[in-house]
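Asker: Okay, handing you the structure first.
The values are calculated or read from the model by the stated rules, or taken from the named source; none is laboratory data. Quick caveat: nothing in here was measured; it's all calculated off a predicted structure. No Cβ is skipped: glycine too gets one built from the backbone with ideal geometry, and neighbour counts run over all protein chains shown.
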Amino acid sequence: MSQVQNTAKPRFAEMDMPDAFGSTAPGAPSQPTHLLHFEPLTAGDAGLDVPCDPQGRVGLDALGEKLRNDYFFARTLIGRLFAAPTVRLVPRMSARG
């Protein structure tokens, strides 16, 4: 299974979009297709994945309170606890029967 990573780093002003994910626009996906991944700088620490659009924009209104707070925490600690975030495709579940 391969993951496609977008090496372009999203700028903070572009990362927070109230309607970037969870939009009710016609044709908008009902499930996230991408994740903004914060990789921990220290081995053994937990990373964080946040639903986003293909450009790395996070829909703050679509996040629950805990995930929204975790996102702000990770974003604040880039360079201290987390590496710069990368955009990843959501792994697809395969049906086995």
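Asker: Within the range 45-70, take every residue that is in contact with a helix residue (DSSP H, G or I) (Cβ under 8 Å, 6 or more places away or on another chain) and outside any strand (DSSP E or B) and give me the one that is farthest from H34 (Cα to Cα).
Answerer: Among those that are in contact with a helix residue (DSSP H, G or I) (Cβ under 8 Å, 6 or more places away or on another chain) and outside any strand (DSSP E or B), it is R68.
Asker: For the subset of the range 76-93 comprising residues that are modelled with pLDDT of 95 or more and either over 13 Å from the mean Cα position of the chain (by Cα) or aromatic (F, W, Y) (or both), which member is surrounded by the fewest Cβ atoms within 10 Å (Cβ to Cβ)?
Answerer: R80
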